[in-house]
Amino acid sequence: MRLRHKACVALVCFTCAQPGVAAEWAPTWAIEGDPTLSMLASKSELDACIGRTNRYMRKLPDHGLRIGVYIESTGRPVDVAVLNSTGLQDLDNATVDCIRRARFKPEARHGETDYKVFSLAWKARPLPTACVQTMTPDATVTVKLLQKESPDYDKLPDIAESTVCACLKAGEKIPSAPSVILSSSGNVRLDQGAESVMNRSSAKRWSDGVPGCAAYKVRFVK
């Protein structure tokens, strides 16, 4: 059976635009005093979680948020507090929940906790109108490869990623132009599978008829 028809989608994380306008709320964040974000064990997953908080955004001016976090030597957040609110309680709560569920890279602190401050900002930005290599993926999708349904399973890598982009024109409900592979997994069939995943799981804003381009990162794991 062809991979692109039988791949099992295990996790889908969306960053969605506001419906009806050709712009989206773009969350950005940083750990104060740690510009390299070296503490994070899984930055992309935290990005996706914070991205999903967009659904709590209203058509208001840009918002900022600061959160203080105590992190155990194991990398687990043990105390999370809002230092400066966005003014939107649902947005604050959703972001705190993202931080609570994050896991950080353990450091040798002899069992002590470490205090970190997150600075976050949500800004409205125009939707991209073309697929470019520098695009930030709108969604991360993890696909579990099934041995019995992938004839060349043993030849496939244990983990691989493809980034695929497509664009919706005004008046369309689904993209009419072919998808563009922004970064290849190194395997043609996996890249085709990534295109299929994106076509089946089209960006939320497309279902609202909002034109623009979106990129998906599809991660294949055995």
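The values are calculated or read from the model by the stated rules, or taken from the named source; none is laboratory data. Since this is a predicted model, take the numbers as computed values, not measurements. Cβ sites come from the backbone with ideal geometry, for glycine too, and all protein chains shown count toward neighbours.
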Practice item. Give the residues of the range 186-222 that are of a type in the set (D, E, K, R) and either at pLDDT 85 or above or closer than 22 Å to residue 47 by Cβ (or both), sorted by residue number. Key: 189, 191, 195, 204, 205, 217, 219, 222
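Looking only at the range 64-116, filter to residues that are part of a strand (DSSP E or B) and among the acidic types (Asp, Glu); which one of those is farthest from residue 50 (Cα to Cα)?
114
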Practice item. Could you tell me whether the range 154-161 includes any residue that is outside the structural domain of residue 27 (by TED's automatic domain parsing), within 21 Å of the chain's Cα centre (by Cα) and surrounded by 15 or more Cβ atoms within 10 Å (Cβ to Cβ)? Key: yes
Point to revise | residue 137 vs. criteria surrounded by 12 or more Cβ atoms within 10 Å (Cβ to Cβ) and more than 30 Å from residue 84 (Cβ to Cβ) | key: no
Exercise for review: Under 8 Å between Cβ atoms, at least 6 apart or on separate chains: pull out the pairs that start in the range 62-81 with a residue that is in contact (Cβ under 8 Å) with a residue 40 or more places away in the chain and end on any residue that is loosely packed, with under 14 Cβ neighbours inside 10 Å and of a type in the set (Lys, Arg).
Suggested key: 73/109
Check your understanding: Filter the range 91-111 for residues that are buried (at least 18 other Cβ atoms within 10 Å of the Cβ) and touching a Leu at 6+ places or on another chain (Cβ under 7 Å); which is modelled with the lowest pLDDT?
Key -> 104
Exercise for review: Working only within the range 159-183, note down all residues that are out of contact with any Ser or Thr (no Cβ under 6 Å at 6 or more places or on another chain) and small (Gly, Ala, Ser).
Suggested key: 170, 171, 176, 177, 179
Review point. Within the range 132-163, restricting attention to residues that are in contact with a Leu (Cβ under 7 Å, 6 or more places away or on another chain) and part of a loop (DSSP other than H, G, I, E, B), which residue is farthest from residue 199 (Cα to Cα)?
Key: 156
